[in-house]
Amino acid sequence: MKYFGSGHGACPGCGLPIAVKTVLNALDGKVFAVNSTGCLEIISSQYGKNAWGVPYIHSLFENAAGVAAGVEAALRAMKRKDEGYVVVFAGDGATADIGIGTLSGAFDRNHDILYICLDNEAYQNTGHQQSGLTPPGESTTTTPAGKVLPGKVGRKKDMISIAVAHGVPYVASSSVGYVSDIRRKVKKAVKFEGAKYIQIHSPCVTGWGIDGSIAIKVARLAVETGLYPLVEFEHGKLTSVRKIKDRKPVEEYLKLQRRFRHLFTHEKGKEMIKLLQRFADENAERYGLDLKKE
Amino acid sequence: MKKVVRGFYSVAYSVKLCRPNVICAYPITPQTEIVENLAAMYANGELGEAEYITAESEFGAASMLVGASAAGARVFTATCSQGLILMSEVLFNAAGMRLPIVLVNTNRALSAPLSIWNDHQDSMAMRDAGIMQVYVENNQEAHDMIPQAYKVAENKKVLLPFMVCMDGYKLTHAYEPVDLLEQEMVDSFLPPYEPAAYMTTKKPLAFGCYAPPHIYMEFRVAMQQAMERAKDVMLDVFKEWAEVSGRDWGGHITVDFPDSKIFVVAMGSVVGLLRKVVEELRNEGLSVGLIKIRTFRPFPVEELREALKDAEKVIVLDRSVSFGYEGPVSIELKSAIYGYSSAEIYSFAVGLGGRDMPKDFLAKIIRDVAEGKERPGFAFKGYQEFEEVIP
């Protein structure tokens, strides 16, 4: 692998290298990579074991969007923009929680950057703590399923809508389960001048409690149940949706993962599964996910 | 060309002459007019190809400078107080990444209670960041320091952020005649920035690696070595500046009346007033001299040892306090001259949060020390006696 590869220390089945390689290949390595602190950074940027074949920078947990904005401003000022695209790779916590300030600033100023949120739905690098993108019902180490609580209570933050609300030209969701979808969206995104946001659902084998061999299957089930709709907004308008032929019940997705296993035995589990099904149904309604039968 | 300008403009105009590629800032009193001046220059097309970006916070501004500097740009920001503290995580990081960012800190107190007025508590909190700190006495020195800051920071023997500290209000808002630099002079003194390493797709490098225990310490030792080298690089640059500008601001410290028995040590704008006070006290027959510390980081250890080796009493006027101990300049000075001077050290924290320090107040402190009315050690001066009421 030319742009990202030998030396990285990701777990077998981890979605991160799949997403990163797909993005870098889609852009032929013409990339300035900006990475927030997190799993990807730790598995790829140890001194002496750099796995990146493109110029790479990691500064802090919560400032990747700001650093990227600075790289972009410098390239603009020094007439070097044709060298490559400025692409952020940040986790869900770095994006939706601690780094949302710099992200909002970069969106607001509409810097010509592509922001990739690698969404594995918790702080996985530090051992599976809940983030703003952790879905309800997930048992994490900071929202553990206990005698009273059935895991996380509350919603998964709707970063897609938050990005769209900033008026940036291109916003999309994608999934490691569909690499051709990632490729297509990345190629399309960089055609837009300004800030672009793509949120990629990415399985974490240790955090989710799945075997590496079923990571792609689980990622696809998130899409097939309607829990992770793959959508695309151009200039604020919904322009494409990945349709689902026979939308599966959310249980099929949940039951494969340790993080949701308690929902099938917990006193409040049924209620939580019902809530998750409702969210999936709402997604289907909102985005028109269901392929209507003739 | 001499012009009467405010401190803000003396900085902004000098920054412009240094031809930065990227300026990012967030407004905060009393820094605001520096960046407003730069924004106006940008709006009028006077900053060449530079990008001027108003950030969403000081944290964001500093973050953008990290990216821009790593991409090979010459960068600038200004801030103070809460803004500097908000930047601090990024600035520690930038120093570790060895990025030659230049910033101006318009010294202001820290909250709580909220205070927009001047002291040195903000920059002192950044003491251990790995950032060079120089304190200026007046707006001409602030104006002159900007090109020198870039030249030192960008020197391949150094490569560390450089913070020019100027007293908020006392300097920023003051109108003073400033001999404004000429573009040609600055261009010949400060060549375009040639980064030792930068982000480019032509030669991909990784910046901001993580370092396990087997290698982390070496990076930090390298920072200390860079600071040590910065001492000499600064002296060379200061000397060159004196030659090309005709204004000699001295080395890491300046010493007035080196043969005195008593010395007053201070940093920043109060030095100007202290000169007058010392002159008057000497006319009264007091053997008192004045030491202005210009460079706080790297700390002028050897210079202070030499200057104070025969001193009997040293009065340190701190504009800050390390709660639970004493003023940071005093702490450092004591540590520097330990074993090299038998002088008694009188450490005073004065002028916190803009508390006035009139001439008579400063003269009384010195006179009292001279007459044996003060004991060596630490005390606050210039506050009203009070009783704290905890409900």
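Each reported figure results from applying straightforward, stated rules to the coordinates on display, with no laboratory input. Bear in mind that the values here come from a model prediction, so they are computed numbers and not experimental data. Virtual Cβ from ideal backbone geometry, glycine too; neighbours counted across all protein chains shown.
Based on other C-beta atoms within 10 Å, arrange A:Cys11, B:Cys165 from fewest to most.
In order of increasing Cβ crowding within 10 Å: A:Cys11, B:Cys165.
Between A:Leu149 and A:Lys243, what is the FRET efficiency for a Förster distance of 30 Å, r being their Cβ-Cβ separation, to the nearest 0.05?
Computed FRET efficiency for A:Leu149 and A:Lys243: 0.25.
What is chain A's relative contact order, in percent, from Cα pairs under 8 angstrom and six or more apart in sequence?
The value is 17 percent.
Using the Karplus curve 6.51 cos²θ - 1.76 cosθ + 1.60 with θ = phi - 60°, what ³J(HN,Hα) values do you get for each residue of region A:76-83, in whole Hz, with x for Gly and Pro?
So the J values, rounded to whole Hz, are 5, 5, 9, 6, 10, 4, 6, 5.
How large is Rg/Rh for region B:109-165, to two decimals, with Cα atoms and a Kirkwood Rh?
1.05
So which lysines can B:Lys170 reach, going by Cα to Cα under 16 Å and dropping same-chain residues fewer than 8 places off?
Excluding near neighbours in sequence, the set is B:Lys359.
Using the Cα centre of chain A as origin and beta-carbon charges of +1 (Lys, Arg) and -1 (Asp, Glu), tell me which of A:Leu40, A:Gln130, A:Tyr228 is placed farthest towards the positive end of the dipole.
Checking the options against the dipole of chain A, the answer is A:Tyr228.
Whose amide H sits under 5 Å from the amide H of A:Val31, counting only residues 5 or more places off or on another chain, with H placed in the peptide plane?
It is A:Tyr85, by chain and number.
Please compute, for peptide B:45-53, the average count of beta-carbon atoms on other protein chains lying within 10 Å of each residue's beta-carbon.
Partner Cβ neighbours, averaged per residue: 3.
For the pair B:Tyr216 and B:Ala197, how long in nm is the line joining their label points, each one 7 Å along Cα→Cβ?
Distance between label points: 2.0 nm.
Peptide B:73-79: average number of partner chain Cβ atoms within 10 Å per residue?
Shielding by partners across B:73-79 averages 2.
Neighbour counts of other C-beta atoms within 10 Å: give me B:Asp119, B:Asp144 arranged from fewest to most.
Working: B:Asp119 27, B:Asp144 23.
Going from least to most buried by this count: B:Asp144, B:Asp119.
Given the protein assembly as shown, what percent of its DSSP beta bridges are antiparallel, to the nearest 5?
25 percent
Exceeding 21 Å between C-alpha atoms, which entries from my cross-link table qualify? They are A:Lys30/B:Lys156; B:Lys261/B:Lys334; A:Lys217/A:Lys270; B:Lys313/B:Lys334; A:Lys21/A:Lys248; A:Lys2/A:Lys30.
The pairs that break the limit, which is 21 Å between Cα atoms, are A:Lys30/B:Lys156; A:Lys217/A:Lys270; A:Lys21/A:Lys248.
About the Cα centre of the protein assembly as shown, how large is the charge dipole given +1 on each Lys and Arg Cβ and -1 on each Asp and Glu Cβ? Please answer in debye to the nearest 20.
The dipole magnitude comes to about 2980 debye.
Residue by residue through region A:38-46, what is 3J(HN,Hα) from phi via Karplus (6.51 cos²θ - 1.76 cosθ + 1.60, θ = phi - 60°)? Round to whole Hz and write x for glycine and proline.
Once rounded to whole Hz, the list reads x, 3, 4, 5, 5, 7, 10, 10, 5.
Just to confirm my numbers, what's the Cα centroid distance between region B:170-239 and region A:131-175 in Å?
42 Å
For A:Tyr197, what residues show an amide H to amide H distance below 5 Å, using hydrogens built from the backbone and excluding near sequence neighbours?
Hits under the 5 Å cutoff: A:Tyr115, A:Tyr170, A:Val171, A:Ala172.
Got the relative contact order for region B:216-369 handy, in percent, Cα pairs under 8 Å and 6 or more residues apart?
In percent, rounded to a whole number, it is 22.
Explain nothing, just compute: Karplus ³J(HN,Hα) = 6.51 cos²θ - 1.76 cosθ + 1.60, θ = phi - 60°, for every residue of region B:12-27 in order, whole Hz, x for Gly and Pro.
Whole-Hz 3J(HN,Hα) from phi for region B:12-27: 4, 5, 5, 4, 4, 5, 7, 6, x, 8, 9, 10, 10, 7, 9, x.
Dipole of chain A, Cα-centred, from +1 at each Lys and Arg C-beta and -1 at each Asp and Glu C-beta, to the nearest 20 debye?
Value, rounded to 20: 500 debye.
Which residues among region B:133-165 fall inside the zone where the amide N is under 17 Å from a point 7 Å beyond the Cα of B:Gln225, along Cα→Cβ?
So the set is B:155-160.
Going by how many other Cβ atoms sit within 10 Å of their own, how do B:His214, B:His173, A:His8 line up, fewest first?
Details: B:His214 9, B:His173 14, A:His8 22.
In increasing order of surrounding Cβ atoms, one gets B:His214, B:His173, A:His8.
Could you tell me which of A:Val20, B:Pro20, B:Met1 has its Cα farthest along the dipole of the protein assembly as shown towards the positive end, charges placed at Cβ (Lys, Arg +1; Asp, Glu -1), taken about the Cα centre?
Checked the options; the winner is A:Val20.
Report the FRET efficiency, 1/(1 + (r/R0)^6), for B:Ser111 and A:Phe192, where r is their Cβ-Cβ distance and R0 is 51 Å, rounded to 0.05. Walk me through the numbers before you get to the answer.
On the way: r = 42 Å, r/R0 = 0.82.
FRET efficiency, B:Ser111 to A:Phe192: 0.75.
Expected output is a single nm value to one decimal: the length gained when fully extending between B:Ser287 and B:Arg275, i.e. 0.36 nm times separation in residues minus the C-alpha distance. What is it?
That pair, B:Ser287 and B:Arg275, stretches by 3.0 nm at full extension.
Can you pull the mean other chain C-beta count within 10 Å for peptide B:93-102?
Partner-chain Cβ atoms within 10 Å, mean over residues of B:93-102: 1.
Search the structure for amide H atoms under 5 Å from the amide H of A:Asp290, placed 1.01 Å from N in the peptide plane, and list their residues when 5 or more places away or on another chain.
Excluding prolines and chain starts, which carry no amide H, the hits are A:Ile244.
What is region B:2-245's relative contact order, in percent, from Cα pairs under 8 angstrom and six or more apart in sequence?
Relative CO of region B:2-245 lands at 25 percent.
Which residues in region A:233-252 have a backbone N closer than 19 Å to a point placed 7 Å from the Cα of A:Ser161 along the Cα-to-Cβ line?
Once the point is set 7 Å along Cα→Cβ of A:Ser161, A:233-242 turn out to lie under 19 Å by backbone N, inside region A:233-252.
Evaluate the distance, in nm, between pseudo-label points positioned 7 Å from the Cα of A:Glu252 and of B:Leu205 along their respective Cα→Cβ axes.
So the label points at A:Glu252 and B:Leu205 sit 5.2 nm apart.
Obtain the nm distance between the two label points defined at B:Arg305 and B:Phe257 by a simple spin-label model: each point lies 7 Å from its Cα along the Cα-to-C-beta direction.
2.7 nm
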